[in-house]
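Okay, structure first, notes after.
Where a number appears in this text, it was derived from the coordinates with a stated rule and is not lab data. Fair warning: this is a prediction, and the values are worked out from it, not measured in the lab. Positions of Cβ are generated from backbone atoms using ideal geometry, with glycine treated the same way; all protein chains shown enter the neighbour counts.
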Amino acid sequence: MVTTRMGKEKILNGAIKLETRENMKRLLYSLAFLAAIASCSKEVANNSVPDESRNPELTAEFESVLATASDFEFSDSETKTVISQSGSNPPSFAWKSGDMIGIVPNDSKSVQANYEIAEIGEDSKSAQFDGGSWALKRDKQYAAYYPYRDQTVRSTDTLHFSFLGQRIAANNSLAHLGTYDYMYANATFPDGGNAALNFNHLINLVRFQIIVNHSETYTKLALNSPDNCDWFASKASLTLGTGAMTALQSQKSIEIPFDNIALSKGDVLTVWIAMLPTDVLSSKSLDFTLHGTEYTYSGKFTNLTSFKAGKAYSFSYELPQVIDLSESGSANCYIVDKGGEYKFKAVKGNSDVSIGEVKGVKVLWETFGTATAPKSGDLIKANVSYSDGYITFSTNDTYHKGNAVIAAYSDAGCTEGNVLWSWHIWLTDKPLECHYGQLIMMDRNLGATSGTPGEVEFLGLHYQWGRKDPFLGSSNINPSYPTPLAQSTIDWPSSVETDETVGTVDFVTKNPTTFITSSKDWINTPDDMLWHSSKTQYDPCPPGWRIPSLSVWPMDEIQSPTDFIENTKSFDIYIDGKYYYYPASGYRSDFRGVSEISEVGSGGRYWTFCSQADNSILFESDSEHPHNSYYTRKKGNRSYGYSVRCQKL
């Protein structure tokens, strides 16, 4: 059994002690085995098998044994600089009630005996094991192993063990290791009472330590060999005659689940595993992926070594303090739900396509989504940078919810019209998932910083069909004319009418804040593949989400009823016993461009990826008869600015 009590290296070799009781000689002997971890630079010595001289005239039987535990030691290859003062001391192993060892005679006539723990010593490192009706005879050679397995072994003289199923109960927990601490001893009991049966570890221990850079709950650690080495023995066999432990099945990667370990930024996550010794990782590395409930993190444990039985090894990695928002996939929008430093790949949307040579980057605009105008830097600091294919930025020291756009430029001066690509940074709490039957939708519009109907932050941003870049929504949920826009850090350019020059993907990419007007479509030559059921590089949703399909909203023939909730200026839809809410966020029309928004507080229009016929959902209210309100499918003018509600991939 593993405990977390700390102690120095201690190797105890006990000698036979004969006692006479009811005319039967009982033998108490020590099983000295390596069963914990010590901070020492020496190799653990293999205990030699005792002299096998025999006296055939003695017929003593031994029904009980005394087993004494000692500690593992840290190997010389351990990186000592990563171990703290308290961490340099080893955890100690101790016997636990219920432990059992197996003892097998080395002949072809007898089956194994199981000796169960009878009494634990005061130091918990020694314990007496009782064989019950089993008796060990003098002048016989025995193989012993731990932990006992209730299986027939005489047919093949082998036992099978598994290293799978290791699960971490708490940070730096050792509780699971005792299950996998496989040990072996082999000896003959001579006369004179001077025998010793010494157990040796067949496994090694590895401690992986990761300094985390984000406060969250961590759920599992995945380890993988980038060299495709089969380094982890999932199953192994023990040959009882020789004590050889041989891998039966090996694999290149493993996953170690946790029982939800909550850590703060800067804390050290410590994970222990037991494994079969191997040489295949010598001078190699292991890639890791650390999974949290919010993000995933990756890194590499380097300078690995040959792993030897009875040894413990320690490797560490400090996660960079910059969080990679594109770790799980790139996109045109990234959610940032708390303050910190972040980075993302400077590629086109969810593709690996380069945006070209980046010579300058800056925050293009910021907004709280309200009537309050932010100052530059209120959401994202001005020190945005580009390096090695990544754009890096920091939130304000005081985190604020809102929206911002970061742009990369082809010139160092970040001149208007020279934008290579731009990305929407959505500073909000993590949107909830809403189940529409088999489909999953967000609980809010894209760009909304609240999931609560009736709040102006519930409105979100507006998009022209097929464009990745957002436009401001309203700063008021109530109907008014003209409808006031949310305030931002820039003066937005005037809208322009589409033609062969401005009605192109190239133009709107270089000019992401320019609204293109038209009676049908902002793009001069329509392109139905800008948005699609397969997420495209122009999709405005964050990683793992996309523009929704028309089938998301259940439809009764032409239209479906909905309630318009007057006090929150929102609509509800009822799916599978639950209500979901959509704000009357209005829309931007082709002739009003960026100057104002129509129908705020009375209607809402939502894009789908569909390119032909019905490509949007229209919510219409009846203020005098709220229960007569409805939503319907509608062919929307693709130059209009509608809301977006993202669907999970």
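DSSP beta bridges in the stretch 274-352, what fraction antiparallel, as a percent rounded to 5?
Numbers: 6 of 9 bridges.
Rounded to the nearest five, the antiparallel share is 65 percent.
Ranked highest first by the average count of other Cβ atoms within 10 Å around their residues, in what order do 433-440, 537-544 fall? Walk me through the numbers on the way to the answer.
Working: 433-440: 13.2, 537-544: 21.2.
Put in order of decreasing packing, that is 537-544, 433-440.
Label-point separation (nm) for ASN228 and LYS520, each offset 7 Å from Cα along Cα-to-Cβ?
5.3 nm
Could you give the length gained by full extension between LYS634 and SER215, i.e. 0.36 nm per residue of separation minus their alpha carbon distance, to one decimal place? It would help to have the intermediate numbers written out before the result.
Working: separation 419, 0.36 × 419 = 150.84 nm, distance 4.45 nm.
So the chain would gain 146.4 nm between LYS634 and SER215.
May I ask you to order 408-418, 462-472 by the average number of other C-beta atoms within 10 Å around their residues, highest value first? Write out the running numbers ahead of the final one.
Details: 408-418: 15.0, 462-472: 25.5.
Put in order of decreasing packing, that is 462-472, 408-418.
Would you kindly derive the ³J(HN,Hα) couplings of the stretch 522-530 from the backbone phi angles with the Karplus curve 6.51 cos²θ - 1.76 cosθ + 1.60 (θ = phi - 60°), listing them in order in whole Hz, with x for Gly and Pro?
5, 8, 5, 10, x, 10, 6, 9, 4
Let me see the P(r) profile for the stretch 370-479: every Cα-Cα distance counted, bins of 10 Å, each bin given as a percent of all pairs.
Pair shares across the bins are 12, 36, 36, 14, 2.
Within a Cβ distance under 14 Å of GLY413, other residues only, what is the Lys/Arg minus Asp/Glu net charge? Spell out each step's value before the answer.
Details: positive: LYS359, LYS362; negative: ASP411, GLU416.
Spelling it out: positives minus negatives among the neighbours equals 0.
Can you bin the stretch 204-296 into rounded, prolate or oblate? Criterion: square roots of the alpha carbon gyration tensor eigenvalues sorted a ≥ b ≥ c, rounded for a/c under 1.5, prolate for a/b above b/c, oblate for the rest.
Details: a/c = 2.63, a/b = 2.15, b/c = 1.22.
Verdict is prolate for the stretch 204-296.
Provide the gained length on full extension for the span GLU566 to MET529, in nm with one decimal, where the gain is 0.36 nm per separating residue minus the Cα-Cα distance. Don't jump to the answer; show the numbers that get you there.
Values: separation 37, 0.36 × 37 = 13.32 nm, distance 3.78 nm.
Computed gain between GLU566 and MET529 is 9.5 nm.
Do you know the Lys pair count in the stretch 238-377 for C-alpha distances under 24 Å, with sequence separation 8 or more or different chains?
The number of close lysine pairs in the stretch 238-377 is 25.
Report ³J(HN,Hα) in whole Hz for each residue of the stretch 543-555, in order, from the Karplus equation J = 6.51 cos²θ - 1.76 cosθ + 1.60 where θ = phi - 60°; Gly and Pro get x.
The phi angles translate into x, x, 9, 8, 4, x, 8, 5, 6, 4, 9, x, 10 Hz.
Search the structure for amide H atoms under 5 Å from the amide H of GLY377, placed 1.01 Å from N in the peptide plane, and list their residues when 5 or more places away or on another chain.
For GLY377, whose amide H was placed from the backbone, there are no distant partners under 5 Å.
For a test of the definition: using alpha carbon positions, the gyration tensor, and the 1.5 limit on a/c, classify the stretch 341-414 as rounded, prolate or oblate.
Values: a/c = 2.01, a/b = 1.89, b/c = 1.06.
In terms of gyration-tensor shape, prolate.
Based on the alpha-carbon gyration tensor of the stretch 443-543 and its eigenvalue square roots a ≥ b ≥ c, which shape applies: rounded if a/c is under 1.5, prolate if not and a/b is larger than b/c, or oblate?
Here the stretch 443-543 falls in the oblate category.
Over the stretch 184-288, what relative contact order in percent results from Cα pairs under 8 Å that are six or more residues apart? All intermediate terms of the calculation are to be shown ahead of the outcome.
Numbers: 183 pairs, mean separation 40.0, N = 105.
This gives 38 percent for the stretch 184-288.
Report the extension gain between ALA373 and GLU341 in nm, rounded to one decimal, defined as 0.36 nm multiplied by the number of residues separating them, less their alpha carbon distance. Could you put the intermediate results ahead of the total?
On the way: separation 32, 0.36 × 32 = 11.52 nm, distance 2.36 nm.
My answer for the length gained is 9.2 nm.
By per-residue mean of other Cβ atoms within 10 Å, what is the highest-first order of 260-267, 327-334? Spell out each step's value before the answer.
Working: 260-267: 14.4, 327-334: 19.6.
The most tightly packed comes first, giving 327-334, 260-267.
If R₀ is 30 angstrom, what is the calculated FRET efficiency for the pair GLU116 and GLN251, using the beta carbon separation as r and rounding to 0.05? Could you put the intermediate results ahead of the total?
On the way: r = 34 Å, r/R0 = 1.14.
Using R0 = 30 Å, I get an efficiency of 0.30.
Given R₀ = 22 Å, what would the calculated FRET efficiency be for LYS235 paired with ASP150, taking r from the Cβ atoms and rounding to 0.05?
0.80
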